[in-house]
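*Asks:* Take this structure first; my questions come after.
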Amino acid sequence: MRIGKKGRRVGSTLLALTLVLAGCSGGSSSGAGKTEGGSGSAEASGQEAYVLGESPLEFSFYGHYDWYTMPNWGEDKASEWIKANKKVNVVPISSGGNAKQKLSTMIVSGELPDVIWTERGADVESLRKAGAIVPFDDYLDKYPNLKKWAGEETLDMLRSEDGKLYQFPNWYTTQPNGNAGYLVNKKIYNELGAPKLETTEELYAYLKQVKDKYPDVVPLEVGQSASGVDIMSSAFAENRPYLYSSLSMKAVPSGETLTSVFTDDVFRETLVYANRLYRDKLISQDAFTQPLEQVEQKIITGKAAVYVASSPTEFGAIGDSLLSEEDPEAGYIMIWPVHKEGLDKNKIFPGTYNQLGWNVSVISKTAKDPEAIFAFLDWLTGPEGQRISMWGPEGLYWDGVDEEEAPIFTDAFTSDTKGRDELMNSTVNLQWVGNTVYVDNSKMKFESTLPEDKKSWETKWQSEITWKTQYDTTAFVNLNPAGDSNEGIIEQSVGEIYEKAKAQAILNAGSEEEVLAILDQAEQDAQQVGYAQLLEYKTGKWQENLAKLGK
């Protein structure tokens with residue numbers, strides 16, 4: 001699965017008042033009216049399904065992220081083919097590096113883009129409540145790919161309070177996926193005798209060796225904002241995904257309720273361990289201030305002995321290729337996730353996945369032909385759309401399909417790896433409705449036929465380690481309240497307390513006792529701003545999810 005820039009996503013807060021003022025205008029285009037109350041029910045009025053490619057389709061697309069800049073449509077091989085053969089042209093609207101302000105400006109002006117690509121949850125609900133986006137229910141049977149591949153349970157989890165579906169998911173799945181885990185510098189590891197790296201204490205001892213023998217190497221790289229520390233929390237309890245104690249969730253299941261992260265034994269033990277690593281100069285000393293580009297440079301140049309992250313394969317694949325080209329003994333391997341002594345290693349899950357995947361696309365009521373846009377997105381998430389958007393047009397890296405519609409890859413797929421990777425990289429930011437099961441199964445089916453030395457580095461470690469060690473957190477999606485609600489304001493305050501406490505505990509504490517004292521104070525501060533109310537809200541959302549999942 002191609003994650004793209006998932007790790008760089010940023011949240012947003014929409015202004016409900018401006019939505020009410022501007023979102024209900026419906027725009028002035030001729031197609032807006034037919035979406036009212038039923039998204040232009042072509043089926044009900046006897047209209048035939050829209051046939052992609054019979055007539056030109058153009059729509060505007062806005063990626064609601066500070067970091068996102070959509071590549072020019074038609075300049076890569078995949079979108080060039082789509083533009084020529086399906087007559088689709090997508091016009092980008094840039095956030096200009098300030099997504100929140102850009103969307104607010106468009107809302108106030110009453111000129112919403114035709115498609116908004118954004119996070120699930122509160123912000124989408126704000127758009128829905130303002131009557132600004134189109135429900136998809138009348139389209140699901142006419143254009144069957146989404147319904148077939150995502151499944152009813154996933155679509156039900158995406159439905160809004162009114163029972164309708166407004167969100168088209170990206171990288172949805174019904175099977176484990178993900179890349180979180182531990183990357184190890186192969187040359188350093190072998191030169192140090194390839195010691196056991198199974199427990200947290202064995203990892204600590206290894207990092208000490210690295211520090212003594214390789215003074216110009218970071219023993220343990222924990223990434224931007226020390227995000228790798230969150231991943232390491234999985235080592236201290238069985239069946240414990242890092243999500244619970246991450247900034248995005250900040251709530252730990254206990255029985256039928258969600259409880260404080262600051263009083264959670266696992267989170268506390270994790271920060272004690274991280275503080276010990278920091279004081280002994282075994283992790284990046286500028287972990288909370290270093291830019292992502294600096295992290296990347298360390299990995300691709302071999303200046304880190306171990307790298308723990310939510311997607312270490314992104315830089316690891318590049319680094320392995322560059323380093324092994326210069327020295328066959330160099331490169332990267334992955335290890336089974338480390339665990340605290342006494343725990344079952346097969347119940348340690350450093351990463352997570354959920355059925356809903358990453359983010360979603362919504363279609364504005366101002367779009368001239370929302371059904372046509374849905375038809376395109378549905379084609380794009382289907383087998384043909386996925387083959388072309390992932391591996392380019394037929395005839396270059398694949399030629400024909402098998403009985404399961406998986407592409408039959410050509411010799412060029414393995415012989416022209418540079419060209420293949422360049423093509424895939426050129427389309428990664430155009431993959432808005434990724435179909436995880438189709439892409440991953442197609443890739444693995446092909447990889448299983450290859451000799452070991454021909455297998456893709458990334459696919460090898462996904463099949464051997466990472467996909468086996470990701471935890472299903474579907475029950476914990478959509479727990480965050482709207483930013484302008486009471487709970488949303490509380491969450492912002494608790495998040496600030498969390499970030500400050502985590503940094504202080506790792507960087508400033510001089511002992512285990514000081515780490516715990518910082519967390520005790522953070523608990524008091526969080527309760528004073530209403531943490532209990534926030535946890536009650538999240539518990540309610542969690543229980544709603546469990547009911548939808550039949551658990």
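*Asks:* Return yes or no: is F288 of a type in the set (F, W, Y) and surrounded by 22 or more Cβ atoms within 10 Å (Cβ to Cβ)? Can you show your working first?
*Replies:* Values: of a type in the set (F, W, Y): yes; surrounded by 22 or more Cβ atoms within 10 Å (Cβ to Cβ): no.
When the stated conditions are applied, F288 does not pass them.
*Asks:* Can you tell me which condition Q285 does not meet? The list is (1) within 22 Å of I188 (Cα to Cα); (2) at pLDDT 95 or above; (3) assigned to a loop (DSSP other than H, G, I, E, B), and all the others hold.
*Replies:* Only one criterion in (1) within 22 Å of I188 (Cα to Cα); (2) at pLDDT 95 or above; (3) assigned to a loop (DSSP other than H, G, I, E, B) is unmet by Q285, namely (2).
*Asks:* Now for a different question. In segment 45-99, which residues are polar (S, T, N, Q) and either part of a helix (DSSP H, G or I) or free of Cβ contacts under 8 Å to residues at least 40 places away in the same chain (or both)?
*Replies:* Hits for segment 45-99 are S45, Q47, S55, N72, S79, N85, N89, S94, S95, N98.
*Asks:* Could you grab me the full set of residues in segment 490-503 that are without any contact (Cβ under 8 Å) to a residue 40 or more places away in the chain and either outside any helix (DSSP H, G or I) or among the β-branched types (V, I, T) (or both)?
*Replies:* Matches in segment 490-503: I497 only.
*Asks:* Here is a further query. Being at pLDDT below 90 and under 30 Å from M424 (Cα atoms) is the requirement here; does G38 meet it?
*Replies:* Spelling it out, it is not the case that G38 is at pLDDT below 90 and under 30 Å from M424 (Cα atoms).
*Asks:* Looking for whichever is β-branched (V, I, T), buried (at least 18 other Cβ atoms within 10 Å of the Cβ), assigned to a helix (DSSP H, G or I) and in contact (Cβ under 8 Å) with a residue 60 or more places away in the chain here; the options are I518, I506. Which one fits?
*Replies:* Just one listed residue meets the conditions, I506.
*Asks:* Are any of the residues in segment 178-192 under 26 Å from Y68 (Cβ atoms) and at pLDDT below 95?
*Replies:* yes
*Asks:* Okay, next question. Considering (1) more than 29 Å from L52 (Cα to Cα); (2) part of a loop (DSSP other than H, G, I, E, B), say which one K102 fails and leave the rest.
*Replies:* The single condition K102 does not satisfy is (2).
*Asks:* Going through segment 115-133 one residue at a time, which ones are of a type in the set (D, E, K, R), within 17 Å of W432 (Cβ to Cβ) and over 20 Å from the mean Cα position of the chain (by Cα)? Spell out how you get there, then give the answer.
*Replies:* The first filter runs over segment 115-133 and keeps only residues of a type in the set (D, E, K, R), leaving 119-120, 123, 125, 128-129.
From what is left, the residues that are within 17 Å of W432 (Cβ to Cβ) are 119-120, 123.
Residues satisfying the conditions do not exist here.
*Asks:* Is it the case, given these coordinates, that W117 is surrounded by 14 or more Cβ atoms within 10 Å (Cβ to Cβ), at pLDDT 95 or above and closer than 20 Å to A482 by Cα?
*Replies:* Yes, satisfied.
*Asks:* Take Y278 and decide whether it is in a strand (DSSP E or B) and not acidic (D, E).
*Replies:* Considered against the rule, which asks whether it is in a strand (DSSP E or B) and not acidic (D, E), Y278 comes out as no.
*Asks:* Tell me whether segment 151-165 contains one or more residues that are surrounded by fewer than 20 Cβ atoms within 10 Å (Cβ to Cβ), within 21 Å of P241 (Cβ to Cβ) and either in contact with a Cys (Cβ under 9 Å, 6 or more places away or on another chain) or in contact (Cβ under 8 Å) with a residue 12 or more places away in the chain (or both).
*Replies:* There is at least one residue in segment 151-165 that is surrounded by fewer than 20 Cβ atoms within 10 Å (Cβ to Cβ), within 21 Å of P241 (Cβ to Cβ) and either in contact with a Cys (Cβ under 9 Å, 6 or more places away or on another chain) or in contact (Cβ under 8 Å) with a residue 12 or more places away in the chain (or both).
*Asks:* Let me ask you something else. For segment 446-462, how many residues are polar (S, T, N, Q), under 28 Å from the mean Cα position of the chain (by Cα) and more than 21 Å from P312 (Cα to Cα)?
*Replies:* Summing the residues that are polar (S, T, N, Q), under 28 Å from the mean Cα position of the chain (by Cα) and more than 21 Å from P312 (Cα to Cα) in segment 446-462 gives 1.
*Asks:* Could you check segment 185-227 and list, in sequence order, the residues that are without any contact (Cβ under 8 Å) to a residue 60 or more places away in the chain and assigned to a helix (DSSP H, G or I)?
*Replies:* E191, A205, Q209, D212, K213
*Asks:* Right, something else. Test of understanding: among L450, L534, L479, which residue is out of contact with any Lys or Arg (no Cβ under 6 Å at 6 or more places or on another chain), on the phi < 0 side of the Ramachandran plot and in a loop (DSSP other than H, G, I, E, B)?
*Replies:* L450
*Asks:* Continuing with this model, one more query. Tell me yes or no: at least one residue of segment 461-469 is more than 29 Å from K100 (Cβ to Cβ), in a helix (DSSP H, G or I), hydroxyl-bearing (S, T, Y) and in contact with a strand residue (DSSP E or B) (Cβ under 9 Å, 6 or more places away or on another chain).
*Replies:* Of all residues in segment 461-469, those more than 29 Å from K100 (Cβ to Cβ) come to 461-469.
Subset that is in a helix (DSSP H, G or I): 461-464, 466-469.
Applying the additional criterion that residues be hydroxyl-bearing (S, T, Y) yields 463, 466, 469.
If we keep only those that are in contact with a strand residue (DSSP E or B) (Cβ under 9 Å, 6 or more places away or on another chain) too, we end up with 466, 469.
The answer is yes; a qualifying residue exists.
*Asks:* Mind listing whichever residues of segment 120-158 are basic (K, R), modelled with pLDDT under 95 and part of a loop (DSSP other than H, G, I, E, B)?
*Replies:* Answer for segment 120-158, where residues must be basic (K, R), modelled with pLDDT under 95 and part of a loop (DSSP other than H, G, I, E, B): just R120.
*Asks:* Restricting the first residue to segment 235-246 and requiring it to be without any contact (Cβ under 8 Å) to a residue 24 or more places away in the chain, which pairs with a second residue that is buried (at least 21 other Cβ atoms within 10 Å of the Cβ) and in a helix (DSSP H, G or I) meet a Cβ separation below 6 Å and a spacing of at least six or different chains?
*Replies:* These pairs meet every condition: S246/D230.
*Asks:* I'd like the residue in segment 50-106 that is under 26 Å from the mean Cα position of the chain (by Cα) and acidic (D, E) and, out of all such residues, is nearest to G392 (Cα to Cα).
*Replies:* D76
*Asks:* Within segment 481-519, how many residues are farther than 24 Å from V124 by Cβ and of a type in the set (G, A, S)?
*Replies:* 7
*Asks:* Select from segment 443-463 the residues that are more than 13 Å from F413 (Cβ to Cβ), touching an Asp or Glu at 6+ places or on another chain (Cβ under 9 Å) and of a type in the set (S, T, N, Q) and list them in ascending order.
*Replies:* Q462, S463
*Asks:* Which one is farthest from W171 (Cα to Cα) among residues in segment 429-446 that are crowded, with 16+ Cβ neighbours inside 10 Å and charged (D, E, K, R)?
*Replies:* Looking at residues that are crowded, with 16+ Cβ neighbours inside 10 Å and charged (D, E, K, R), I get K443.
*Asks:* Here's something else I'd like to know. Could you list, in sequence order, all residues of segment 392-428 that are surrounded by fewer than 17 Cβ atoms within 10 Å (Cβ to Cβ) and closer than 25 Å to W67 by Cα?
*Replies:* Within segment 392-428, D421, E422, N425, S426, V428 meet the criteria.
*Asks:* Still on this structure, I have one more. Hey, which of the strands (runs of 3 or more DSSP E) in segment 296-407, taking only ones fully inside, have at least 3 residues that are under 18 Å from S463 (Cα atoms) and in contact (Cβ under 8 Å) with a residue 12 or more places away in the chain?
*Replies:* 332-335, 351-353
The values are calculated or read from the model by the stated rules, or taken from the named source; none is laboratory data. What you are looking at is a predicted structure, and each value in this text was computed from that prediction instead of being measured. When we count neighbours, we look across all protein chains shown, and the Cβ atoms used for this are built from the backbone with ideal geometry, even at glycine.
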